[in-house]
Amino acid sequence: MARRLLIAGNWKMNGFLADSLADTLATLMRKKQDWPFEMVVCPPFTLLHYLGKIISGSGMALGAQDCHLKGSGAHTGDISPLMLKDVGCTYVILGHSERRMDHGEGDSLIREKATAALGAGLKVILCIGETEAERDSGQTLTVNQTQLKGSMPVAVDVDATNLVIAYEPVWAIGTGRTPTNLEIQEIHAFIRKELLSLIGKAAEGVRILYGGSMKPGNAGEILALPDVDGGLIGGASLKAEDFWAIAQQSPSL
Ligand code: PGA
């Protein structure tokens, strides 16, 4: 099954109303209707509503970086999946390693959030990935297997239309280091095999993104790997020029 490349920008805790990043990207996107990739930007909550308007009609999608598991209620400081839908989000990133580390989020909470997000009609970009210590002790595959199994949404139909997996080795995030292309392909193929056992044939259509120090200089070869269906890009998504250069290396362009 053909999988359309997804180029996702994770802005993390960066960005202000006055910035021109989304506007520049939207202008580039509007130059053509049929890009062979899908593009999504995931700014901080404070920019979602405004950026939703800026990118409207550009073909670019809007995503958030987290959500609560409840629809509403007494949860000071939290944002619900329905609120994200309300401001125009179609995607939400869940289980990013920075949420796992900074906020102590574990697989079962991520699973509940993912289930709620899908229930609200959002598409989930579910992040998994091993730390450097886990890699060094030969646990890469088991850690990714455990995180995938433990954080997969339940009780809702999961398929290629609403689920994206992002493999992000923690040691590669923001460090300039990446696994070899062979390692990336092996892990992605492993994740797809695990997905097959979890959700059956639909796994063939689920996009598995690579994330961790992806930049214009390495994107072409990573995106060309058979089981890599796009990228979740942090640092390099903050410069329109770099993010666009990555998207332009989609194998079909
Ligand atoms: P990076 O971040 O591209 O800056 O390494 C990726 C991510 O954390 O999603």
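Each reported figure results from applying straightforward, stated rules to the coordinates on display, with no laboratory input. Computed from a predicted structure; not experimentally measured. As a convention, Cβ positions derive from the backbone with ideal geometry for all residues, glycine included, and neighbour counts pool all protein chains shown.
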Could you point to the residue in 169, 73, 83 farthest towards the positive end of the chain's charge dipole, with +1 and -1 charges on the Cβ of Lys/Arg and Asp/Glu respectively? 83
Below 8 Å between Cα atoms, with a sequence gap of 6+, how large is the relative contact order for the chain in percent? 20
Distance in nm between label sites at residue 23 and residue 86, each 7 Å beyond Cα in the beta-carbon direction? 2.7
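What order do you get for 163-171, 26-34 when each peptide is scored by the mean count of other beta carbon atoms within 10 Å, highest first?
Numbers: 163-171: 25.0, 26-34: 12.6.
The packing order, highest mean first, is 163-171, 26-34.
Evaluate the charge dipole of segment 64-167 about its Cα centre and quote only its size in Debye, nearest 20, assuming +1 on the Cβ of each Lys and Arg and -1 on the Cβ of each Asp and Glu. Don't jump to the answer; show the numbers that get you there.
Numbers: 9 positive and 14 negative charges, 61 e Å.
Computed charge dipole of segment 64-167: roughly 300 debye.
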Inter-part gap, Cα centre of segment 121-135 to Cα centre of segment 11-52, in whole angstrom, is 23
Assigning unit charges at the beta carbon (Lys, Arg +1; Asp, Glu -1) and nothing else, what dipole magnitude in debye, to the nearest 20, does the chain show about its Cα centre? 580
Name the long-range amide H neighbours of residue 93: under 5 Å, sequence gap of 5 or more, or other chain; modelled H, no Pro or chain starts. 64, 65, 66, 125
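How much mean residue ellipticity at 222 nm does the chain get from its helices, if each DSSP H run of length 4 or more adds -39500 (n - 2.57) and you divide by all residues, to the nearest 500 deg cm²/dmol? Working shown, then result.
Details: 10 runs with 96 residues, N = 253.
Value at 222 nm, helices only: -11000 deg cm²/dmol.
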Approximate spin-label separation residue 157-residue 198, in nm, with each point projected 7 Å along Cα-to-Cβ: 1.9
Unit charges on C-beta of K, R, D, E only; dipole of segment 67-114, Debye: 120
Under 19 Å from the Cα of residue 12 - aspartates and glutamates, other chains or at least 8 residues apart: 23, 66, 78, 98, 102, 105, 168, 241, 242
Beta carbons within 10 angstrom, averaged per residue: use that to sort the peptides 140-146, 63-69, 81-87, 175-181, highest first. 63-69, 81-87, 140-146, 175-181
Using the Karplus equation 6.51 cos²θ - 1.76 cosθ + 1.60 (θ = phi - 60°), what ³J(HN,Hα) coupling, rounded to whole Hz, does each residue of segment 90-103 give in order, writing x for Gly and Pro? 10, 10, 9, 7, 10, x, 4, 4, 6, 6, 4, 7, 6, 10
Can you grab the distance from the C-alpha centre of segment 220-248 to the C-alpha centre of segment 141-163, Å, no decimals? 23
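What percent does the relative contact order of segment 1-144 come to when contacts are Cα pairs within less than 8 Å and at least six residues apart?
Values: 224 pairs, mean separation 26.8, N = 144.
Averaging sequence separation for qualifying contacts and normalising by length gives 19 percent for segment 1-144.
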Once the in-chain neighbours fewer than 8 apart are removed, the lysines whose Cα is under 25 Å from residue 193 read 113, 123, 149, 201
